[in-house]
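Written out below as structure tokens is the structure these notes cover.
What follows draws every value from the coordinates through simple rules; no lab data is involved. Predicted model, so just to flag it, every value in this text is computed and none were measured. Cβ sites come from the backbone with ideal geometry, for glycine too, and all protein chains shown count toward neighbours.
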Amino acid sequence: MSNPTKDKTLALLGMAMRAGAIIDGESRVLKALSSRHVELVFLASDAGPNITKKMHDKCISANATLIDCYDAETLSKAIGKRHRHTIATGDQRFVKPLKTALSQLERGDF
């Protein structure tokens with residue numbers, strides 16, 4: 001059985017991608033974090049230890065939220081690209097609804 005809140009989060013990521021509000025790929029996300037243009041970073045749960053530590057540390061310094069509850073295949077499929085372990089957004093049109101969906105997921109409201 002599929003979780004509607006997870007589905008909603010993934011659908012929002014897909015819409016954000018189509019709207020041009022997604023930054024994907026490790027180097028682009030790190031660059032955006034350095035310039036503080038990102039509020040949410042999605043890191044694949046199956047990413048390697050080096051990128052996981054790097055993203056975790058960078059998100060702390062940039063005051064960005066790191067989400068790691070999806071694997072690379074799921075994230076990639078959501079945005080319509082292949083082999084993506086790291087995606088991010090800072091666009092408020094998507095940050096607020098994504099945070100709401102993610103907080104519902106944490107609480108189990110579905």
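Points worth noting:
- Under 14 Å, Cβ to Cβ, from G80 - net charge with Lys/Arg +1 and Asp/Glu -1: +3
- Span-like helix ranges in the chain, DSSP H, alpha carbon extent 20 angstrom or more, Kyte mean at least -0.5: 4-18
- Straightening the chain between S103 and K53 buys 15.7 nm, computed as 0.36 nm per residue apart minus the Cα-Cα spacing.
- Within the chain, longest stretch clear of exposed trypsin sites (Lys or Arg not before Pro) (DSSP loop, no more than 14 other Cβ within 10 Å): 37-80
- Placing +1 on the Cβ of every Lys and Arg and -1 on the Cβ of every Asp and Glu, with no other charges, gives the chain a dipole of roughly 340 debye about its Cα centre.
- Summarising the amide proton neighbourhood of S45: residues at separation of 5 or more, or on other chains, whose placed amide H is nearer than 5 Å comprise Y70, D71, A72.
- Cα shape, the range 16-89, gyration tensor, a/c 1.5 rule: oblate
- A simple spin-label model places the labels of E73 and M15 2.7 nm from each other, with each point 7 Å out along Cα-to-Cβ.
- DSSP bridge orientation in the chain - percent antiparallel, rounded to nearest 5: 65 percent
- T65 long-range amide H proximity, modeled H, under 5 Å: L40, V41
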